[in-house]
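Chemist: One structure, as structure tokens, below. Some questions next.
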2 protein chains.
Amino acid sequence: MRSRSERRLQLIEATIRCIAQHGLSATTMQLVTREAGLSLGIANLHFQSKENLLAETLRHVTREYNDGLLAILTPKNRSPDGSLAETLESLLDFQLSHGVTQRQKMAVWFAYYGEASARPIYQKICSSSDRLSMQKVEELFAAIISEGQYPDRDPQQLATGYLALIDGLWLSLLVAPRVLTKARGKDVARAYLQQAFPKHLH
Amino acid sequence: MRSRSERRLQLIEATIRCIAQHGLSATTMQLVTREAGLSLGIANLHFQSKENLLAETLRHVTREYNDGLLAILTPKNRSPDGSLAETLESLLDFQLSHGVTQRQKMAVWFAYYGEASARPIYQKICSSSDRLSMQKVEELFAAIISEGQYPDRDPQQLATGYLALIDGLWLSLLVAPRVLTKARGKDVARAYLQQAFPKHLH
DNA sequence: AATTAGTAAATGAACGTTCATTCATAGTGG
DNA sequence: CCACTATGAATGAACGTTCATTTACTAATT
């Protein structure tokens, strides 16, 4: 017998593996609980319903990503010694790191995005996560523009473009990993940032 | 009584509406056939199975998009009077046109992308469509680079980035349409192309 | 022109399967 | 002994698919 939070995490991680392997629509309670090595009824005990388990799984993946992003982009964390150029490099490293771009995570991410337009709960979680990324990246870009005295740069437009580019690269990495490698994806994203902030990236 | 091809189209269009409204996992044969105003058994008569109907629906949406893209990017269609700059502008207009960026189409597109990593059939259709876009855009970019004498431009890298950017913008338009408008999305994409080919876009 | 036969399209009740959920029962730690 | 965790057979709803039947149209025959 394990504690409530341990079992919850165990089930969420099993759900992630199931979604990555079988897709969201083929993920059943049988599959998830068996993957977790537990009995069928356990998921309803800890999550009340399948719908809730799926929503909590999305929240878990989203929170994990946002925590990583905030660790890099929260000003108080980077002000003492880290330069803006270093922060920019860290952001790029993080977003195309092994942890973030592993198939399992990306498959889960896009499985929920695909259903988001029909399910308000997913839509809400996804869009509020997007909003946070947008806000933080925009702040960083604004600071860089200010520091670098870049003329005619719109931080909001650049942040929108950069985040869309990252999303699109993830999608390519997921659907056609043979055409686009992670290293090449990183080059593409770096090229975008170099065009935008030539003094801050080399 | 209607002909085979008419009924097939009728059912595919009903499927598109159902996926957009209810999501791929909640799209049932009941829902689709009722949406089409037909009886339950009709879909199996024309498509043999639900799986096949869904695959054909994806092929239909994909083909529609590819036809539009090829009409713009096939060299023989644009050689006589159209300049490369005009082709570039047409491409941008098309990819962020009303027809392509309507919620219904984008919702369907990403619903399949979300399941693609778990279903080989979807993966194959999506990736082969992506490959076509990539090839044609790369050809255009290579011609523009050659014409504009742009130094140090890698057509493959620019095409990868541009297509990823477009995908990411579509995703933003779908999940958070209030944050990003179509007009602003177009501005972002145009800014990318201007940075890449300043002589060809103003 | 009317009748018939033949072919394909269309229907929807019925079937077997699978699913999420429930709950009586059992196990465990304090 | 009590509260909490865990089990998995049982349940009923919903699903994709089938198929006997009906309908609609065409073409050949009288």
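The values are calculated or read from the model by the stated rules, or taken from the named source; none is laboratory data. Treat the numbers as computed from the prediction; the structure is a model and nothing was measured. Reconstructed Cβ throughout: ideal geometry from the backbone, glycine too, with neighbour counts over all protein chains shown. Heads up: the accessible areas ignore ligands, DNA and RNA and are worked out on the full protein's heavy atoms, side chains in. Shrake-Rupley method; radii C 1.70, N 1.55, O 1.52, S 1.80 Å.
Chemist: Treating the beta-carbon of each Lys and Arg as +1 and of each Asp and Glu as -1, no other charges, what is the dipole magnitude of the range A:11-112 about its Cα centre, to the nearest 20 debye? Show your work: numbers first, answer last.
Modeler: Values: 9 positive and 10 negative charges, 66 e Å.
I would put it at about 320 debye.
Chemist: To continue, here is another question. In the range A:133-202, if the dipole is taken from +1 on Lys/Arg beta carbons and -1 on Asp/Glu beta carbons about the Cα centre, which of A:V175, A:I145, A:P198 is farthest to the positive end?
Modeler: Of the options given, the answer is A:V175.
Chemist: Just tell me the longest site-free run in chain A, where the sites are trypsin sites (Lys or Arg not before Pro) in a DSSP loop having at most 15 other beta-carbon atoms within 10 Å. If you can, show how the numbers build up before the last one.
Modeler: On the way: sites that count: A:R2, A:R178, A:K199.
The answer is A:3-177.
Chemist: Between A:Q48 and B:N44, what is the label-point separation in nm under the 7 Å Cα-to-beta-carbon projection?
Modeler: About 3.8 nm, to one decimal.
Chemist: Now for a different question. Counting Lys and Arg as +1 and Asp and Glu as -1, what is the net charge of the other residues whose Cβ lies under 10 Å from the Cβ of B:A55?
Modeler: Values: positive: B:K50, B:R59, B:R119, B:K124; negative: B:E51, B:E56.
Net charge in that neighbourhood comes out at +2.
Chemist: At 1.4 Å probe size, with every protein chain present, just tell me what the per residue accessible area of chain B comes to in Å².
Modeler: Numbers: 9130 Å² over 202 residues.
Computed with neighbouring chains in place, this is 45 Å² per residue.
Chemist: Could you work out, residue by residue across B:179-192, how many beta carbons of other chains sit within 10 Å of that residue's beta carbon, and then give the average as an integer? Show your work: numbers first, answer last.
Modeler: Working: counts 5, 4, 0, 0, 0, 3, 3, 0, 4, 10, 2, 0, 8, 5.
Mean shielding by partner chains, rounded to a whole number: 3.
Chemist: Which distances, in nm and shortest first, link the B:G68 label point to the same label point in every other copy, taking 7 Å along Cα→Cβ?
Modeler: 3.4
Chemist: About the Cα centre of the protein assembly as shown, what is the dipole size in debye to 20, counting +1 per Lys and Arg Cβ and -1 per Asp and Glu Cβ, all else neutral? Show your work: numbers first, answer last.
Modeler: Numbers: 48 positive and 40 negative charges, 270 e Å.
Its charge dipole is roughly 1300 debye.
Chemist: Now a separate question. Using a 1.4 Å probe on the protein heavy atoms only, what accessible surface does A:W109 show? Give it in Å² to the nearest 10.
Modeler: About 30 Å², rounded to the nearest 10.
Chemist: Which single residue of chain A puts its beta carbon nearest to the axis of rotation relating A to B, and what distance, in whole Å, does that give?
Modeler: Residue with the nearest Cβ, plus whole-Å distance, for chain A: A:G114, 1.
Chemist: Just to verify a number: what accessible area does A:C126 come out at with the full protein assembly present, 1.4 Å probe, Å² rounded to tens?
Modeler: The accessible area of A:C126 comes to roughly 10 Å².
Chemist: Ok, one more. Starting from 0 in steps of 5 Å, tell me what percent of the Cα-Cα pairs of chain B lands in each bin.
Modeler: 1, 7, 14, 17, 17, 14, 11, 8, 5, 3, 1, 0, 0
Chemist: Return one number: the angle in degrees, 0 to 90 and rounded to the nearest 10, between the long axis of the Cα atoms of helix B:4-22 and the longest principal axis of the Cα atoms of chain B.
Modeler: 80 degrees
Chemist: Relative to the longest principal Cα axis of chain B, at what angle does helix B:182-196 sit, 0 to 90 degrees, rounded to 10?
Modeler: The two axes meet at around 40 degrees.
Chemist: Moving to a separate point now. Which length gain, in nm to one decimal place, applies between A:S5 and A:R184 when the Cα-Cα distance is subtracted from 0.36 nm times their residue separation? Write out the running numbers ahead of the final one.
Modeler: Numbers: separation 179, 0.36 × 179 = 64.44 nm, distance 3.92 nm.
Fully extending the segment from A:S5 to A:R184 adds 60.5 nm.
Chemist: OK, next. Just to check I understand the Karplus step: with θ = phi - 60° and J = 6.51 cos²θ - 1.76 cosθ + 1.60, what whole-Hz values come out for the range B:128-140, glycine and proline as x?
Modeler: For the range B:128-140, the Karplus-derived couplings read 6, 5, 4, 4, 5, 4, 4, 4, 5, 5, 5, 4, 4 Hz, x marking Gly and Pro.
Chemist: Measuring label to label, 7 Å along Cα→Cβ, what does B:G82 give against each other copy in nm, shortest first?
Modeler: 4.6
Chemist: How large is ³J(HN,Hα) for each residue in the range B:98-111, as worked out from phi by the Karplus curve 6.51 cos²θ - 1.76 cosθ + 1.60 (θ = phi - 60°), to whole Hz, x for Gly and Pro?
Modeler: Result, ordered by residue: 4, x, 7, 9, 5, 3, 4, 5, 5, 4, 5, 3, 6, 4 Hz.
Chemist: Determine ³J(HN,Hα), in whole Hz, for all residues of the range A:46-56 in sequence, where each value follows from phi through the Karplus function 6.51 cos²θ - 1.76 cosθ + 1.60 and θ = phi - 60°; x replaces Gly and Pro.
Modeler: Couplings: 9, 10, 6, 8, 5, 3, 5, 4, 5, 5, 5 Hz.
Chemist: If you don't mind, there's one more thing I want to ask. With a/c under 1.5 counting as rounded, go ahead and sort the range B:158-202 into rounded, prolate or oblate using the C-alpha gyration tensor (a ≥ b ≥ c being the square roots of the eigenvalues; past the cut-off, prolate if a/b is larger than b/c, else oblate). Mind dumping the intermediate values first?
Modeler: Numbers: a/c = 4.42, a/b = 1.72, b/c = 2.57.
Oblate is the answer for the range B:158-202, as a/c is 1.5 or above yet b/c matches or exceeds a/b.
Chemist: Using a 7 Å offset from the Cα along the Cα-to-Cβ direction at both B:E139 and B:A85, what is the distance between the two label points in nm, to one decimal?
Modeler: With each label point 7 Å from Cα toward Cβ, the separation is 2.4 nm.
Chemist: While we're on this one: Classify the protein assembly as shown as rounded, prolate or oblate, taking a ≥ b ≥ c as the square roots of the eigenvalues of its Cα gyration tensor: rounded when a/c is under 1.5, otherwise prolate if a/b is larger than b/c and oblate if not. Before the final figure, lay out each step's value.
Modeler: Details: a/c = 2.21, a/b = 1.13, b/c = 1.95.
Cα axes put the protein assembly as shown in the oblate bin.
Chemist: Got a sec? What order do B:M106, A:M1 fall in by accessible area at 1.4 Å, biggest, i.e. largest, first? Kindly include the intermediate steps, with their values, before the conclusion.
Modeler: Working: B:M106 10, A:M1 230 Å².
Order by accessible area, largest first: A:M1, B:M106.
Chemist: How much net charge surrounds B:Y65 when only other residues with a Cβ under 13 Å from its Cβ are counted (Lys, Arg +1; Asp, Glu -1)? Provide the component values of the computation, followed by the final result.
Modeler: Details: positive: B:R59, B:R63, B:K105, B:K136; negative: B:E64, B:D67, B:D130, B:D167.
Computed value for this residue: 0.
Chemist: Carbon-plus-sulfur fraction of the accessible area of chain B, 1.4 Å probe, in percent?
Modeler: On the way: 4730 of 9130 Å².
Roughly 52 percent, rounded to a whole number.
Chemist: In whole Å, what three semi-axes, largest first, describe the equivalent ellipsoid of the range B:85-198 built from its Cα gyration tensor (square root of 5 times each eigenvalue)? Provide the component values of the computation, followed by the final result.
Modeler: Values: eigenvalues 131, 69, 23 Å².
They are 26, 19, 11 Å, listed from largest to smallest.
Chemist: Here is a further query. Could you state how much accessible area A:L70 has, in square angstrom rounded to the nearest 10, with a 1.4 Å probe and all protein chains kept in place?
Modeler: Here the accessible area works out near 50 Å².
Chemist: How shielded is B:19-27 by partner chains, expressed as the average number of their Cβ atoms within 10 Å of its Cβ atoms? Kindly include the intermediate steps, with their values, before the conclusion.
Modeler: On the way: counts 4, 2, 2, 4, 9, 7, 10, 4, 2.
Across B:19-27, the average partner-chain Cβ count within 10 Å equals 5.
Chemist: Related question: Counting only the backbone N, which residues of the range B:146-190 are under 20 Å from the spot 7 Å out from the Cα of B:R103 toward its beta-carbon?
Modeler: Residues B:168-186 qualify, since their backbone N sits under 20 Å from the label point.
Chemist: Now, a different point. Shortest first, in nm, what separates the label point of B:P120 from those of the same position in the other copies (7 Å along Cα→Cβ)?
Modeler: Sorted ascending, the copy-to-copy spacings read 4.1 nm.
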